[in-house]
Every structure is written in structure tokens, then in C-alpha cells.
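The block underneath contains the structure these notes are about, expressed in C-alpha cells.
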Amino acid sequence: MGVQVADLITAGNVGSFTVGRRTDVPSLADLPEVHLQLLRGAVIAALATINPDGRPPLTPVWCNTDGTSVFLNSKKGRLKDRNMQERPEVTLLLVNPENVHYWMEIYGRVVEAVDETDPERGHLATESIDELAETYLGQRPYPFRDPSGEVRVRYRVERIKAVTSGPVT
């Protein structure tokens, strides 16, 4: 995700960032490459869920995509797990660490949660956290499992709306 000097869009430069200039894309597959890289690389996303009192906590998360959905993984029982199970509306914000004017916001809904105790599909949760660990840590399997035992959950988030910012030329 290298950034060229010409790509910098600081205020006052030709082609500079214009506040409010955003693009809504019809599907994740239609994202410009500069934004797709945010989902393919080791970019930490900010996940907003909804607490029972209506407040939206933010949590840094790892994520990836198959081109159609976004996948997240968490330990069963955590606040974000409980929130996504009970109130499946979520928002993800991914910001390019090399140029913060390139960002993407995904409004979505958790349409599937599979945990490791599922006898037929539980392997998907294990494979998911291992894939994410390989992307974000360069290690497989995921090295930070709770030694007293934990159950991992894989969430499939269906995109409702994706908004991007930053030039795509």
C-alpha cells in the first residue's frame, strides 16, 4: 500500500481533499483497489456495535473479506460478541495508515455467527482466526488462545452500505 507524493491530498494542493466528498459503492467487489487493500491487508478496523443502553462502543478488530462479505472473529462472551448476537447492526471504519485521507466506512449487519462448538461448521471459526493471525501477525495458528479454554466465533457481515473517501485515480 505504498503512497506516492502525488497521492498526498493535503489541503491547498491540486486535487486536495474536499470535505464531504464521498463515494457510495454498490458492493464490496466494486470498491476501488486502494480501498479493497484495506480489507485485504493488516489494517486494524474500528468496529462499532450497539450496547443494550444504546451507546455504540468502538473496538479495534482484525477483519478480512471474500469479496462479498466482511469476516470478523472474537472470543465468545465478550461484549462485542454479545452485542453482535443481540443487535447485529455494525459499522466498520478502516483508515489507510499510510494516508489517513483514504478511508472506508462499512455499514453492515451480522448475518451469520458460527462458533467452534458447532459440530458441522465450527471449523470455520478456527480457520478464520488462524487466517487473520497469519495476515496480522505472520503466524499460524493464532498464538494468543486463552490456555484455560476459549470458544472463537466467526461473524459474517453483509454490507448494507460502503462509503469511501480519497481520490481513486
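The values are calculated or read from the model by the stated rules, or taken from the named source; none is laboratory data. Keep in mind the model is a prediction, meaning the values are calculated, not measured. So basically every Cβ, Gly included, is an ideal-geometry build from the backbone, and we count neighbours across all protein chains shown.
Among the residues of the stretch 146-158, what is the count of those that are over 14 Å from ASP115 (Cβ atoms) and not small (Gly, Ala, Ser)? Walk me through how you get there before you give the answer.
The first filter runs over the stretch 146-158 and keeps only residues over 14 Å from ASP115 (Cβ atoms), leaving 146-148, 157-158.
This time we only want the ones that are not small (Gly, Ala, Ser), so: 146-147, 157-158.
Final tally of qualifying residues: 4.
Tally time: how many residues in the stretch 100-126 are touching a residue at least 24 places away in the same chain (Cβ under 8 Å) and under 19 Å from MET84 (Cβ atoms)?
Initial filter on the stretch 100-126 (touching a residue at least 24 places away in the same chain (Cβ under 8 Å)): 101-117, 124-126.
From what's left, under 19 Å from MET84 (Cβ atoms): 105-117, 124-126.
Qualifying residue count, the stretch 100-126: 16.
Kindly indicate whether any position in the stretch 100-113 is among the charged types (D, E, K, R) and touching a helix residue (DSSP H, G or I) at 6+ places or on another chain (Cβ under 8 Å). Quick ask: steps written out before the conclusion?
The initial filter retains those residues of the stretch 100-113 that are among the charged types (D, E, K, R), namely 105, 109, 112.
Now narrow it down to the ones that are touching a helix residue (DSSP H, G or I) at 6+ places or on another chain (Cβ under 8 Å): none.
So far as the stretch 100-113 goes, no, none of its residues is among the charged types (D, E, K, R) and touching a helix residue (DSSP H, G or I) at 6+ places or on another chain (Cβ under 8 Å).
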Those residues of the stretch 71-115 which are among the basic types (Lys, Arg) and either touching a Leu at 6+ places or on another chain (Cβ under 6 Å) or assigned to a strand (DSSP E or B) (or both) amount to LYS75, ARG109
Among the listed residues LEU58, LEU47, LEU72, identify the single one that is free of Cβ contacts under 8 Å to residues at least 24 places away in the same chain and within 30 Å of GLY166 (Cβ to Cβ).
LEU58
One residue is enough: does the stretch 142-158 have a residue meeting the conditions in contact with a Gly (Cβ under 7 Å, 6 or more places away or on another chain) and touching a residue at least 40 places away in the same chain (Cβ under 8 Å)?
yes
So ALA125, is it touching a Phe, Trp or Tyr at 6+ places or on another chain (Cβ under 8 Å) and not β-branched (Val, Ile, Thr)
no
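With the structure loaded, tell me whether GLU131 is charged (D, E, K, R) and not in a loop (DSSP other than H, G, I, E, B) or whether it fails that test. Can you show your working first?
On the way: charged (D, E, K, R): yes; not in a loop (DSSP other than H, G, I, E, B): yes.
So GLU131 passes the test.
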Test THR59 against the criterion of being among the hydroxyl-bearing types (Ser, Thr, Tyr), in a loop (DSSP other than H, G, I, E, B) and at pLDDT 95 or above, and give yes or no.
no
Filter result (surrounded by 12 or more Cβ atoms within 10 Å (Cβ to Cβ) and hydroxyl-bearing (Ser, Thr, Tyr)) within the stretch 118-162:
THR126, SER128, THR135, TYR136, TYR142, TYR155
Can you tell me which residue within the stretch 50-89, out of those that are surrounded by 13 or more Cβ atoms within 10 Å (Cβ to Cβ) and of a type in the set (Val, Ile, Thr), is nearest to ARG40 (Cα to Cα)?
THR65
Please go through (1) in contact with a strand residue (DSSP E or B) (Cβ under 8 Å, 6 or more places away or on another chain); (2) at pLDDT 95 or above for THR117 and return the number of the only condition it doesn't satisfy.
(1)
If only one of VAL114, VAL157, VAL151 is of a type in the set (Val, Ile, Thr) and more than 20 Å from the chain's Cα centre (by Cα), which one is it?
VAL151
Would you check which residues across the stretch 36-46 are closer than 22 Å to GLN139 by Cβ and hydrophobic (A, V, I, L, M, F, W, C) and list them?
LEU38, LEU39, ALA42, VAL43, ILE44, ALA45
